[in-house]
Structure formats: structure tokens, C-alpha cells
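Enquirer: Pasting a structure below so you can have a look.
Just so you know, all these numbers are worked out from the coordinates, no wet-lab data involved. Bear in mind that the values here come from a model prediction, so they are computed numbers and not experimental data. Note that each Cβ is placed from the backbone with ideal geometry, even for glycine, and that neighbours are counted across all protein chains shown.
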């Protein structure tokens, strides 16, 4: 169900909309003021009522995450905002930081108060220079107004927000790798437990939240947690509110659109995205960043034993509301809600090769299966594309990917394996076609040269 | 004690233990590369993955994977349980852990093993680690299949000199980070780290630095594969020809437990490496101690000397006896040695007190050096405390006192064990006779009138008492070279040449005599688990 909203994107595209004046004029910083007047438990309860599922891709309920933080003790707590938006196809957090930075700063005050922190670090991907500049600008403005500092809004809750520049690696978007990077260490994911809520930034209790998760918090406290949750068509599934949807690739109007949760992919592509580029048939959609398995229009929803899914059973997955649980239950993954649309001009084999290259390049190399497996899959796809692979080698892809799956410290391994498994499963004929064509070419060359052995040695030289 | 189930075994554990720790303690090995009992948990090799049965009534966490129908070639979506690394998994009462009994674990370990060897050069024939390499062992146990990737492997830097002692081969490296963690956590010098990403990862030394702290050889020792090699051992021996004995390091009073590796065919020592003893050295040794074995072959005396002249052992013993016979007991001093075992010193003490009748007892030792607060002790002698205990209520006086007594003309003859000295010893030239029993050349040797060649610690079994008062046995590795004999044996022969009824033929004879002396401690046989070459952590 398409329901456009403007909680975050009201000032998008407005000149100067990122400054504090228009933000305050439209009720900005009133939520933070209200939150600081509540108890910590009340703030967490309000966030829980809003059913904000983490917007970074994992979809964990934000209020619940906040409630994991230990009660205030002798250790300082930290709020860390993950602004290392690096998932291919995802570009929604950037719009918030560039065009509505004060929502994030205000959200930081609320979030920090909820978890007992006096400092928030926003870890921004290095390449996002404008985001960093706008965030720093917003921080300075908020400090001048006294919203940040020793006594924000006259309340005795000292609060500071800092922007930290990332050092450029996809893996630093993984929350514990981000914490290592923030501390100046090598950006490698940590083993869990201990979780950040026990042992996070600088060894202190820490909550890591996505930019959008934090930036939506002023809205939650403005309209009320439950009321905001009911914006969503999936309120009953515990997936509330409105969020930013991105759409890119082969659509006529790519971009970031804000809408209530419960939008379908078809609405995102055809209503918001303006339809497929050149009006060609759809090949598939990667719904929420490259780590999600690709979805095809002909896939049919079939969830048994849950009447909440009854309205969707028998329909195309494109008509399933985009929610964390609706996707999970149907074997898909919502991710960051930023869809990459591929029309039939795309060669799925080359697309898979492209993704494999990305994951090989970005694997931190800590765990054996991911370090070696991602490289192996890339090689196999390279050979498939070059027409040098055998059927036996094509059949290794799913074996390697299945053995990366779940066997690594962080979710990168799963995120690399999942799309590979989806591509080979859903586009097996195309992969086989490459292998067959390659074999035929080799055979033709061999025949032309007359000698089988000589032909083989030439073929291997060609590699 | 609480316990959990590992396959069919009940494993007891202490609160806070991980599964692999508890299993390791009772001698059950869960395959692993990156885990080391003395280092922090990295959980990066993923070899120790185990399956844990979910608590009753709770579903197991399952993951979506893909299989292939072998007949049709069709993909079949499948589920597999989420496995846990045993090195990170905290043991809990009643836990049901499946290691060897789970097909999912077998598949995961086989895959890890295959991936570790994917870009490995497999240059075992020229690799020093061959024969004690985890990759080889686990290939046999967990993989056993041919390599499926037919393409050129990834090439990385080879023969990188990390420092004076260590050479690194990035192609053999499995990035387990044991060496990195060792430098940071034990040696307290974080000089190593990982650079690059993914399968281009390699270990590097900090810019502007060398791997040159006091424990560099331990990085090679903790390396489970052939990536780090010791300059000292590189290309010297194949480990399957070596044998090991349980030795005690002679470098200082810490008394680190060690394995002394030697080749029985040429009676040569090749390597000294730590042996686990949590009360003494845990799992570690310093570079000095690990290289100290070389001394056993250097600056040796392997035949008897009278003056400058090389003589038979019998002639040497007789010359020594006649030198000692010519002096009255009050002008004779006997020098015990903190460098020698309790058995050697007991023999000398017995000869001095019970037969020669002298009360002039002194002790010599190496000068003190630096301590590092990790393992190295300032006292560079392995048995200072042992000699003191032997002498009981009348402790031996320091060598400086002997030199003063010689200057004063009170002492004319000296019978000394070992050639070391803590100070200048020019006063010895005033002696009429110095009889020296020593394996090595040293400050005292230049003044010896009669010199008898003793066996080194590597050539004889003996008890050494470390600074904590722990009596530990060091076993004989090689046969004594040429005419060299254990010092207690030479002392016995000397006693007999002097006409005394000393009948020590075997070490057990000396130890039987020691049993009657409350100060003479004999170490129990080494209790730490005996590991053959290469099987230690």
C-alpha cells in the first residue's frame, strides 16, 4: 500500500533546508526537549511502541536494542551512529545527512539519553564529504543554541555529538568493525559475545544504530510511538512507521522516496520509480542492497500456517509489502530497502560476477571461509564469463557459497554467499549457456588445429 | 564439577572455560589453528566449529544453503545448523556439543581445510614445518581430497626478513594472527600486524621496526604452519629425523621447561623449544633460552688436559688425584657450581666433605644480567638455589671470598666445577694447583693445571632447582662427546683414584646416596605431557 510521508524528507530539495532555522520552525528539537523530560524507561518504551526496525539492514527492533544497555554504572555509555553507508545500491542515509542533518543530531540526543550516554559518535563514510560538512555545521548550530553542551534545554544531561571520518572499507559498516575503526584499530569485526551493549566503543557499553533509525526518533516523539507505528501497513507484524525507500538501476525516476512501511516492490518500482527504463521486461530486483538475494517477478508467495500472510499467498513477491518479517518468512531479505532494478538488458552472469568481485575486494580476510571463499567464487565467475569454466566448476559455486554461509564471525560471509546462491539458482540456464558456449569454442579451436592435445595447450595459454 | 557432553565424552569444566579449553585440559583435541591456550581468542580460522544441540524445546538456528541433486543436477534448497567456534563458545552445564559426530561439522572443517590450502603453495618438500604442520595433519584428518581449484594461486611476498631471527613467507601464511597476538599480549611489543584485505592479507612488521624483541622465536613456535621460520633452524633438519627429550633451560634461574630436539644419527642438537608448564613458563621461552642449546656444541673441552697437554681421561684423573693428594685439607678449597645439576654438585660436595675433609666450600656462577619481567630472571644460573639447599646450614661462600683467601695465601689448591666466574679471577694464578671439571671453556679454564672434560646438560640427566624452589629434571639428549663424562662420574673416578670407596656407576647410584641427605633434592620425572616433535601447541 503506497502512502507517501514527509517525516524526514520535508525539506529535501529546499535551499538551506539543512540549516537549523527551518528545522526549528517546523517543530525541531521539541522532541528532544520532551524526551529529556521523561525517564529513561519511558523513552525506551516510547521507542518500542513505534516498532522501528533497524534501518541499516538487519531489521532489529530499535527500542529493544536500547533496552539491552546496562543500567548506568561507573562506565560511560556511548551512542554510535553507523553512517558508513556502503552497501551497493544504498544511498538513503546520505540524503538525511545532507538535507536533514538536524533530525540526526536531535535523534542522537534522544537515543543517547535513552541508553544513558552523554556522547554520540557519527561514523561517516570517508567519501561523503558533504554529509560530514553538513553534520558538523548542524552540530555547531545546535551547540550555539545550547541544544548540545552542558545543559541542553536546561536539563542536566550533558550531551555532545562528534563526527568521525571512516577510513574507507565496506566492512567498517559492520558494527563491531566500525567500533574497531573508531578506536583506531584495523577495521575487522569482533567476536560476539561480548556484544557492544556490554563491551563496545573503547570497551564501554555502546549502542550502534543506523542513521535513519536515529533520525526518525524526533518524529516518533512528535507523533507518539504507537501513532507512528500505525502509519505502517505492517503495524500488526511489529514493523512500524515510515521509512526511506531507495530505487536505482533500470527505472525511469531513480531516487530516495519516503513512504509508510508496507509499500510493495511493484509500487516502489512502477509508482515511485516511474517504471522500468525503456519499458523493457523486468529481469529481477535486488530489494535492499547487494547482500539480498535477487527476486524475480514470477516468484510466488507461499507461507503456510500463518493467516497474516493469507492475503499475499499466491501473489507475486513484488506484491508483498516490504517488511522485515514479510521478506524473511518468504526466504527473501529486506536489507536497507534500497532496491536495485535490473531490466532484461542485464546479463545476470555478468551481474553476479560484478557482485562477486565486490565481495572479494571487501572481505576483511579475517575468517578463512570468507577470505578464501569470496576469492574462489570470483575466480569461478571470471572463468564462466571468459568461457573457460567447466560444468564441474560451475557446480562448485553453490558448494563454496554454502560453506561460507554461517561459518564466519560477522554477517559479511552470509551477505556475500546469499546473493551468489540466489544468482546460480535462479539463473542456472544462463550460467550453463556461458559454459556450453565456452566449451563449444574450445572444441572448435581444437578441431581447427587438428590435434586435440595441441588445442588444449592453446586453450590453457589463452587463460 | 560441572560438565558438558562432547560427542560421547563427558568433559568437566571450570566456570568461564570455553569448550576447547575444557577439552584441551583433559587431553581431547578439537582441531584448531588460531586458538592457543596462552593467547586471546581470535576465532578466525573457523576450524574448531562445532554443532551445539539447541536447548530442549527450542528450535535449532538453521541457515539456508543450496545442494544439488546428483542425478538431475537440479539445485535443492537445504538447511544447515549454525555452527559455533569451540574456542569462543563458553561451556555450560549439560551442553550437548557435537564435534566428530556431526556431518555438518565434518563438512565445514573439510571446507575450511580446502580453503586454507586453496592459495597455499604446497611446497612441503622445502618447508621446514613439514612433518609438524597443522595443514598436513588436518588435511589427512579432515579433507583428504585433491585440490579442486586448477588456477594459479595468489602470489605474495616470500622470504621476508622480519628481523635477525625470523623469516616470513606470506604465501604459506593462514593469517591466524597467533604471532600478532603473541607479540602484543605476551612479549608486550606489538610489532606485528596484518595488512591488506581479503585473500591478499599478509603479516607485516611495523614500519621502521624489526621483529627484534626478546621473544621473536616464539612467533615461529606459535605459527601452526610454515609461514614463520627461524633463521637458526631454517633448512637445517627434517623434523621427522629428530627426537625430543624434556629438558630444562639453562639460561637463567626461571628454569623454563623445554623440549630439546636432536638428531640421534649424528648426535647433534637442532632446536630448543618450550614445553607447557603453567607453574613456570606457561607455553613460552625467550630467544636467549631457545638459542642457548647451541652452546652445548661450542667452546667445549672433550678430552682431559694436564697443563697444555691433551691426555687420556685416565691420565687426567690420575694427575688430578696426585695434585689433590699433595695438600693438607685446610689449604684445599672446593668450588661448587650454580651451572651444574644437583647430582654433580652433590658428588663434589660428598667428595669434599666426607673424603677430602675440607670445609672450604665456595660457589661460582655466571654474573647476573637483566630481568625482563616476563620470563627472564636476573640470575643467569639454572641451579643457584639447588646448590644452596645442598649445603644446608653452612652455605657456600662466593667466589670473591675464595680469591681473597688465595691472595692471603690461605688456599693453595682448588678443585672446581665449571669454568664460569662472576668476577675477574686473576688471583687464581697464585694457586699451586687448580683442578677443574668443566664442559666449557671459560675464565677459570686458563688457570687450570688439570682439566677434566664434563658432559654438558644436554649430555647428562640432572636436577635443577629454579628460583621458585621447584626441582625439575632435565633429561639427557645426546651421548657425551669423545672423553666427556657427566661431572658426577668424573668426581667418582677422582675419588676412587684418591683411594676412596666411592662406587657411583649410574645416575641412580648417586641419587640413592642423595636420598639420605635431606638437602639433596632429586626432581620427580617430568610430569608435563610428553609431546613428540611438532605436536606441542
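Enquirer: Express in whole angstrom the spacing between the alpha-carbon centres of the range B:362-382 and the range B:1-38.
Expert: First find each Cα centre; the distance between them is then 37 Å.
Enquirer: When the convex hull of the C-alpha atoms of the range A:245-343 is computed, what volume per residue in Å³ does it have?
Expert: It is 82 Å³ per residue.
Enquirer: Provide the packing ranking of B:386-394, A:271-279, i.e. peptides ordered by the mean count of other C-beta atoms within 10 Å per residue, highest first.
Expert: B:386-394, A:271-279
Enquirer: Taking the Cα atoms only, what angle lies between the long axis of helix A:452-462 and the longest principal axis of chain A, rounded to 10 degrees?
Expert: 30
Enquirer: Normalised by the empirical 2.2 N^0.38 Å for globular proteins, what value does the Cα Rg of chain B take?
Expert: 1.18
Enquirer: Alpha carbons only, please: Rg and Dmax for the protein assembly as shown, in angstrom.
Expert: 36.9, 118
Enquirer: In the calculated pair distance distribution of the range B:299-528, what percentage of Cα-Cα distances lie above 34 Å?
Expert: The proportion of pairs with Cα distances above 34 Å equals 8 percent.
Enquirer: So, one more: To the nearest 0.05, how large is the calculated FRET efficiency for residue B:100 and residue B:71 if R₀ is 25 Å and r is the Cβ-Cβ distance?
Expert: 0.25
Enquirer: Hey, got the average number of other protein chain Cβ atoms within 10 angstrom for residues in B:112-121?
Expert: The shielding value for this peptide is 5.
Enquirer: Sort the following peptides by mean Cβ neighbour count (other Cβ atoms within 10 Å, averaged over residues), highest first: A:426-433, B:168-175, A:59-66.
Expert: B:168-175, A:59-66, A:426-433
Enquirer: Per-residue mean of other chain beta-carbon atoms within 10 angstrom of the beta-carbon, peptide B:149-157?
Expert: So the per-residue partner count for this stretch is 3.
Enquirer: Based on the mean of other beta carbon atoms within 10 Å per residue, what is the order of B:98-110, B:481-493, B:31-43, most packed first?
Expert: The densest-packed peptide leads the list: B:481-493, B:31-43, B:98-110.
Enquirer: Can you give the Rg/Rh ratio of chain A, where Rg is from the C-alpha atoms and Rh is the Kirkwood radius?
Expert: Computed over Cα atoms, the ratio is 1.02.
Enquirer: Can I ask one more? May I ask you to work out the translational diffusion coefficient for the range A:332-463 at 20 °C, viscosity 1.002 mPa s, via Stokes-Einstein with Rh from the Kirkwood sum over Cα pairs, reported in whole µm²/s?
Expert: 135
Enquirer: If the chain between residue B:394 and residue B:153 were fully stretched, how many nm would it gain, using 0.36 nm times the residue separation less the Cα-Cα distance?
Expert: Going from the current span to full extension adds 79.8 nm.
Enquirer: Ignoring everything except DSSP H segments at least 4 long, calculate the 222 nm mean residue ellipticity for chain A; use -39,500 (n - 2.57) per segment, divide by total residues, nearest 500.
Expert: -12500 deg cm²/dmol
Enquirer: Further, regarding this structure: Compute the FRET efficiency between residue A:313 and residue B:78 as 1/(1 + (r/R0)^6), taking r as their Cβ-Cβ distance and R0 = 22 Å, and round to the nearest 0.05.
Expert: With R0 = 22 Å, the Cβ-Cβ based efficiency is 0.40.
Enquirer: Evaluate the distance, in nm, between pseudo-label points positioned 7 Å from the Cα of residue A:202 and of residue A:350 along their respective Cα→Cβ axes.
Expert: 5.0
Enquirer: Post the alpha-carbon centroid distance, the range A:131-169 to the range A:1-29, in whole angstrom.
Expert: Between the Cα centres of the range A:131-169 and the range A:1-29 lies a distance of 19 Å.
Enquirer: For chain B, what does the helix formula give at 222 nm: sum of -39500 (n - 2.57) over DSSP H segments with n ≥ 4, over the residue count, nearest 500 deg cm²/dmol?
Expert: -5500 deg cm²/dmol
Enquirer: Still on this structure: Compute and list, largest first, the equivalent-ellipsoid semi-axes of the range B:402-537 from the alpha carbon gyration tensor, each √(5λ) rounded to a whole angstrom.
Expert: 31, 19, 16
Enquirer: What is the distance in Å between the Cα centres of the range B:242-272 and the range A:385-449?
Expert: The distance from the Cα centre of the range B:242-272 to that of the range A:385-449 comes to 52 Å.
Enquirer: On a 0 to 90 degree scale, rounded to 10, what angle separates helix A:101-115 from the longest Cα axis of chain A?
Expert: Helix A:101-115 sits at roughly 80 degrees to that axis.
Enquirer: How shielded is A:355-365 by partner chains, expressed as the average number of their Cβ atoms within 10 Å of its Cβ atoms?
Expert: 3
Enquirer: Taking every pair of alpha-carbon atoms in the range B:166-234, what share in percent sits in each 10 Å bin, from 0 to the bin with the longest distance?
Expert: 22, 59, 19, 0
Enquirer: Hey, rough spin-label estimate for residue B:14 and residue A:136, points 7 angstrom out along Cα→Cβ, what's it come to in nanometres?
Expert: 5.2
Enquirer: Note down the nm distance, to one decimal, between modelled labels 7 Å out along Cα→Cβ at residue B:161 and at residue B:370.
Expert: 2.2
Enquirer: Taking every eigenvalue of the Cα gyration tensor of the range A:20-229, multiplying by 5 and rooting it, what semi-axes result, largest first, whole Å?
Expert: 23, 20, 17
Enquirer: Where the Cα atoms of the range B:160-296 are projected onto their three principal axes, how long is each span, largest first, in whole Å?
Expert: Dimensions of the range B:160-296 along the principal axes of its Cα atoms: 45, 31, 24 Å.
Enquirer: Can you tell me the orientation of helix A:412-426 relative to chain A, as the angle in degrees between its alpha-carbon axis and the longest Cα principal axis, to the nearest 10?
Expert: 50
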